[in-house]
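Below you'll find the structure, written out as structure tokens, and then a few comments.
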Amino acid sequence: MALEPPDDGADGLLPCGNEEDVLVRNLMEGRTTEHEARCPHCQATARDLAPLVSALREPETEAVKAPAGLVEDVMRAIRAERGNRRSLLLGGPGPGTTRIRESAVAAMARYASRRVPGVLVGRCRVERGPDGLAVSLTARVAHGTPIAGAAEDVRRTVRDILEHRLGLPVVRIDIEVVGLIESD
């Protein structure tokens with residue numbers, strides 16, 4: 001499983017607003033706040049991180065000095081791996097709610113873009129903004145394919161699946177062409 005580099009703006013906040021770094025520090029120290037003990041988001045994160053915390057709490061057999069910045073790098077990697085657990089509320093009739101993770105929406109957008117000939121979409125990120133979704137994706141284009149036309153076809157295809165099938169408004173779709181697909 002490849003890790004995407006974390007966004008510079010990644011805030012490390014859980015859905016409840018608690019900072020993941022603070023929760024990890026409290027778990028490492030063997031204490032939790034009253035909020036962390038009751039909050040389902042903090043509890044789920046604590047369960048996910050239990051193997052890491054357990055391994056880090058085991059007594060060291062020899063003194064090891066960690067390189068400068070290691071903790072920050074590890075936390076950045078953890079946030080990148082766990083980072084996209086935000087979900088979007090889908091409208092619908094009847095009692096109850098339906099939510100879909102932003103990562104699932106991004107996967108649907110990537111899958112839908114496969115219908116566009118001469119384009120291979122790679123990374124796709126979906127972020128909810130006040131007016132709708134902002135989608136950013138990377139793509140490779142087959143040699144000889146008009147890039148502007150292919151990008152517009154991808155935008156149309158992605159917008160169609162997100163707006164018409166999921167009912168999620170899209171305000172922007174950014175496409176970065178990162179390479180060419182060479183023909184054999």
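Within the stretch 15-24, can you find the residues that are open to solvent by 60 Å² or more (accessible area, probe 1.4 Å) and either acidic (Asp, Glu) or touching a strand residue (DSSP E or B) at 6+ places or on another chain (Cβ under 6 Å) (or both)?
19
Would you mind stating whether residue 174 is farther than 28 Å from residue 44 by Cβ, open to solvent by 20 Å² or more (accessible area, probe 1.4 Å), touching a residue at least 24 places away in the same chain (Cβ under 8 Å) and in a helix (DSSP H, G or I)?
It is false that residue 174 is farther than 28 Å from residue 44 by Cβ, open to solvent by 20 Å² or more (accessible area, probe 1.4 Å), touching a residue at least 24 places away in the same chain (Cβ under 8 Å) and in a helix (DSSP H, G or I).
Only one of these is without any contact (Cβ under 8 Å) to a residue 60 or more places away in the chain, surrounded by 12 or more Cβ atoms within 10 Å (Cβ to Cβ) and more than 15 Å from residue 88 (Cα to Cα): 154, 135. Name it.
Only one candidate qualifies: 154.
Within the stretch 41-58, which residues are under 24 Å from residue 101 (Cα atoms) and either without any contact (Cβ under 8 Å) to a residue 24 or more places away in the chain or of a type in the set (Phe, Trp, Tyr) (or both)?
Across the stretch 41-58, the qualifying residues are 43, 44, 46, 47, 50.
Looking for whichever is closer than 28 Å to residue 91 by Cα and open to solvent by 40 Å² or more (accessible area, probe 1.4 Å) here; the options are 140, 128. Which one fits?
Residue meeting the stated conditions: 128.
Select from the stretch 107-125 the residues that are in contact (Cβ under 8 Å) with a residue 24 or more places away in the chain, open to solvent by less than 40 Å² (accessible area, probe 1.4 Å) and either in a loop (DSSP other than H, G, I, E, B) or hydrophobic (A, V, I, L, M, F, W, C) (or both) and list them in ascending order.
Once the filter is applied, which keeps residues that are in contact (Cβ under 8 Å) with a residue 24 or more places away in the chain, open to solvent by less than 40 Å² (accessible area, probe 1.4 Å) and either in a loop (DSSP other than H, G, I, E, B) or hydrophobic (A, V, I, L, M, F, W, C) (or both), the stretch 107-125 yields 109, 112, 116, 118, 119, 121.
What do you reckon, is residue 27 open to solvent by less than 90 Å² (accessible area, probe 1.4 Å), touching a helix residue (DSSP H, G or I) at 6+ places or on another chain (Cβ under 9 Å) and either of a type in the set (Gly, Ala, Ser) or modelled with pLDDT under 90 (or both)?
Answer is yes for this residue.
The values are calculated or read from the model by the stated rules, or taken from the named source; none is laboratory data. What you see is a predicted model, and the numbers here were worked out from it, not measured in a lab. Cβ coordinates were reconstructed from backbone atoms using ideal geometry, including for glycine residues, and neighbour counts include every protein chain displayed. Heavy atoms of the whole protein, side chains included, go into the accessibility calculation; ligands, DNA and RNA do not. Shrake-Rupley method; radii C 1.70, N 1.55, O 1.52, S 1.80 Å.
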